[in-house]
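The values are calculated or read from the model by the stated rules, or taken from the named source; none is laboratory data. Here the structure is a predicted model, which is why all the values come from computation and not from measurement. Note that each Cβ is placed from the backbone with ideal geometry, even for glycine, and that neighbours are counted across all protein chains shown.
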Amino acid sequence: MPILAEQFDHVIGVDSHKLSLTAAAVNANGGCLELLEVRADTGGHRQLMAMASRYAGPLLWAVEGTGSYGASLTEHLLAAGQIVTEVDRPKRSPRKRGKSDQIDAIRAARDTLAMPRLNPPRRRLEREQLRILLTTRQELVGNRSRLANHLFQLVVTASEILRARYLEVDSRSHSGERLARKCLTSRPNAGMSDEDRTRLSVMHDIARVMNDLTLRANAYELQIQTLVEQMAPGLRAQPGIGTITAAQILVAWSHAGRLHTEAAFAALAGVAPIPASSGQTVRHRLNRGGDRKLNAALHTVVMARSRCDQATRDYISRRTAQGKTRPEIRRCLKRYLARQLFRFLNAIDKA
């Protein structure tokens, strides 16, 4: 299989950080030609471009963190017509030869030379808008959940008077939204103790914050829905796919051509089958790698289809009769879903 070392004469590996960028230029044989450390700003980007101009022939940039600390540099390089590929940050276990920014930059360049194909950075524009809205909404929902837990603890540890008023004993007792609505209308009575007054006042404030977080999260979800419909019409119409799962799929997908095959998309989602056979037992197990947020989105879709989609329910019944376990069946369903989504998204981008 051809590798990138056969296509490019030089590779510049970049180790990106919050305030600095460290670059290493290597030739096609992996020999280090130059090291340069610059500030992570426009002036530093110009210095790196000047460094690249000293090398003739096809040149490739291998940037770590194209979606984080290296995002600004990646945008600058792409605007200048440079070829950029994304490289993963090194895991801690292989670092037996020491650790420094220069070592990481050289490693990024040399690892890229052995890659069979480019790994284009994710697009910005609409996809970046979607990512910002999605991650912000997730933070709001997480904060609301933490406040709901705290509110419930305040009720549990309250006096008998407040517990009787706010703590339900039926199956709905753990509903944070219901408890918050009740706390919003609460007012201290004249005969309450100072402790109960303070507790009730705090509960009322927490409920107001939770309500505000809910309104903001819902507003972001409407914006997310609009963007999803613009980027991938019909995706939300697929069985089991809602607004948030569709957004997570699109954020990981980015654009057609970034992932060369549906198997690559399955590997990205962590649903590519991993052999786990032993002796006379032939089986595969769930993959623990890949983009875990994308994997969680596919898992959500599969679980929804298991409840509501008749074709999925029939498949589960058939595979169960064959002796497959529930985790094995979920693995098969997630792998099939990854293939289906890859073909669907590819067809949209090519249309």
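Here's the yes/no breakdown for (1) touching a helix residue (DSSP H, G or I) at 6+ places or on another chain (Cβ under 7 Å); (2) within 30 Å of Gly323 (Cβ to Cβ):
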{"residue": "Gln248", "(1), (2)": "yes, no"}
{"residue": "Ser254", "(1), (2)": "yes, no"}
{"residue": "Ala269", "(1), (2)": "yes, yes"}
{"residue": "Ser278", "(1), (2)": "no, yes"}
{"residue": "Arg283", "(1), (2)": "yes, yes"}
{"residue": "Gly289", "(1), (2)": "no, yes"}
{"residue": "Cys308", "(1), (2)": "no, yes"}
Q | Residue satisfying condition, being part of a helix (DSSP H, G or I) and modelled with pLDDT under 90, within set Glu229, Glu328 | A | Glu328
Q) Tell me, which residue of segment 178-225 that is within 35 Å of the chain's Cα centre (by Cα) and either basic (Lys, Arg) or not assigned by TED's automatic domain parsing to the domain that holds Thr136 (or both) is surrounded by the most Cβ atoms within 10 Å (Cβ to Cβ)? A) Arg216
Q: Spot the failing condition for Thr226; the list is (1) touching a His at 6+ places or on another chain (Cβ under 8 Å); (2) within 30 Å of Leu345 (Cα to Cα), and only one is missed.
A: (1)
Q. Which of the residues belonging to segment 226-275 are surrounded by fewer than 18 Cβ atoms within 10 Å (Cβ to Cβ) and among the hydrophobic types (A, V, I, L, M, F, W, C)?
A. Ala237, Ala256, Ala263, Ala264, Ala267, Ile274
**Q.** Among residues of segment 33-54, those that are in a helix (DSSP H, G or I) and within 16 Å of Lys18 (Cα to Cα), counted
**A.** 4
Q: Would you tally the residues in segment 140-166 being under 20 Å from Val251 (Cα atoms) and surrounded by 13 or more Cβ atoms within 10 Å (Cβ to Cβ)?
A: 2
Q.
For Asn218, only one of the following conditions fails: (1) in a helix (DSSP H, G or I); (2) at pLDDT below 90. What is its number?
A. (2)
Q) Within segment 300-312, is even one residue over 25 Å from the mean Cα position of the chain (by Cα), at pLDDT below 95, surrounded by 11 or more Cβ atoms within 10 Å (Cβ to Cβ) and not in a helix (DSSP H, G or I)? A) yes
Q.
I'd like to check something: does segment 147-163 contain any residue that is among the β-branched types (Val, Ile, Thr), in contact (Cβ under 8 Å) with a residue 40 or more places away in the chain and not in a helix (DSSP H, G or I)?
A. no
Q) Which residues, counting only those in segment 32-88, are surrounded by fewer than 17 Cβ atoms within 10 Å (Cβ to Cβ), free of Cβ contacts under 8 Å to residues at least 24 places away in the same chain and within 13 Å of Gly13 (Cβ to Cβ)? A) Leu33, Glu34
Q.
Restricting to segment 30-51, name every residue that is small (Gly, Ala, Ser) and within 16 Å of Arg107 (Cβ to Cβ).
A. Gly30, Gly31
Q | Selection within segment 41-90 - of a type in the set (Gly, Ala, Ser) and either under 23 Å from the mean Cα position of the chain (by Cα) or at positive phi (or both) | A | Gly57, Ala62, Gly65, Gly67, Ser68, Gly70, Ala71, Ser72, Gly81
Q.
Can you report the number of residues in segment 185-232 which are touching a residue at least 24 places away in the same chain (Cβ under 8 Å) and not basic (Lys, Arg)?
A. 24
Q: Could you list all residues from segment 246-265 that are in contact with a Phe, Trp or Tyr (Cβ under 6 Å, 6 or more places away or on another chain) and assigned to a helix (DSSP H, G or I)?
A: Glu262, Phe265
